[in-house]
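Report on one structure; see the data block that follows.
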Amino acid sequence: MSKLDDIYTFTFKGLLAEQALDSVGRKSKFLLEHSDEQLAKTLSLDLLDESMVQAAQKMAVVYAACGSYLTIILGRPLIKLNYDQLDKEVNGAAQDQAEGVKVALTQPTSKELQLAASRFPTEHMLDVIQNAKAGKRLFEARVFDGSDDGDKALVTTTVVGKQVAPATDEADAGNAGAFSKAAFWPVTISYFNENTKTDALPVYRMSFKLYENGITRDLTMDYGDFVLSGRLAKLELLDSKSAACK
């Protein structure tokens, strides 16, 4: 291979890399600030043979297509593997007793734990509704939800906003059926590790809109490194005459 061929290869490998990055949404500050003419001048394309430049540009498109195809074919099994494989599995049972919460774990290892008195998630939600109705805007509670390794409770701080009616532009309000125009409380619950300092950041924070009957929508879960959000798509109410849960 001649030195001239090396120049063409080097130049268009760089162009191919730029195209690959741009195809996945990368916004290049350089490309935004420079026109095609300026880019060609910067790369000194005017010093190269025009027919070879055009041929190389056509090959760059072929290389980009091949690269995209290989990325999809080779990457798909890896993506599927990540989604299908459990990070970890925790099994067990928790009982609310007079002296606190007794936890019996069976997986990943068998052990029993005695935790301080805590509320289960449903109990805590009932507390949130009760405090909201009473006009109490801020309260704390210890909650055991079995998350992480299932071996500890989290201290929560709950902030309840003023009850308001949904705005006309709220996308998921109409999906609440009979409650589409009902008033709700904006609620934010922050979950903290119990043994951390008072100025520590929460493990995660959850915000949602809460109706008096416990239905929620417009959920956001902020874990710091990433945020999950959910919108109410459909609400189907069960027959109130059905047998009560036991």
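The values are calculated or read from the model by the stated rules, or taken from the named source; none is laboratory data. Quick caveat: nothing in here was measured; it's all calculated off a predicted structure. Glycine gets a Cβ as well: all are built from the backbone with ideal geometry, and neighbour counts include every protein chain shown.
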Legend entry - Index of the failed condition, Val101 passing every other in (1) modelled with pLDDT of 85 or more; (2) out of contact with any strand residue (DSSP E or B) (no Cβ under 7 Å at 6 or more places or on another chain); (3) within 28 Å of Pro202 (Cβ to Cβ): (2)
Legend entry - Tally, over segment 117-137, of residues that are loosely packed, with under 15 Cβ neighbours inside 10 Å and touching a strand residue (DSSP E or B) at 6+ places or on another chain (Cβ under 6 Å): 2
Legend entry - Residue count for segment 187-201, restricted to those that are without any contact (Cβ under 8 Å) to a residue 40 or more places away in the chain and either touching a strand residue (DSSP E or B) at 6+ places or on another chain (Cβ under 6 Å) or closer than 21 Å to Asp148 by Cβ (or both): 8
Inset, instruction - Go through segment 126-157 residue by residue and tally those that are among the acidic types (Asp, Glu), more than 23 Å from the chain's Cα centre (by Cα) and closer than 17 Å to Gln114 by Cα. - result: 1
Legend entry - Enumeration of residues in segment 205-215 that are at pLDDT below 90 and either in a strand (DSSP E or B) or hydrophobic (A, V, I, L, M, F, W, C) (or both): Ile215
Inset, instruction - Evaluate the following for Val90: is it in contact with a Gly (Cβ under 7 Å, 6 or more places away or on another chain) and outside the structural domain of Lys162 (by TED's automatic domain parsing)? - result: yes
Inset, instruction - Among the numbered conditions (1) in contact with a strand residue (DSSP E or B) (Cβ under 6 Å, 6 or more places away or on another chain); (2) at pLDDT below 90; (3) not basic (Lys, Arg), tell me where Phe179 comes up short. - result: (1)
Inset, instruction - Go through segment 128-145 and give me each residue that's charged (D, E, K, R) and touching a residue at least 24 places away in the same chain (Cβ under 8 Å). - result: Lys133, Lys136, Arg137, Arg142, Asp145
Legend entry - Of residues in segment 216-226 being part of a loop (DSSP other than H, G, I, E, B) and not small (Gly, Ala, Ser), the one farthest from Gly174 (Cα to Cα): Asp225
Legend entry - Out of Thr188, Thr168, Thr158, sole residue that is assigned to a loop (DSSP other than H, G, I, E, B) and of a type in the set (Ser, Thr, Tyr): Thr168
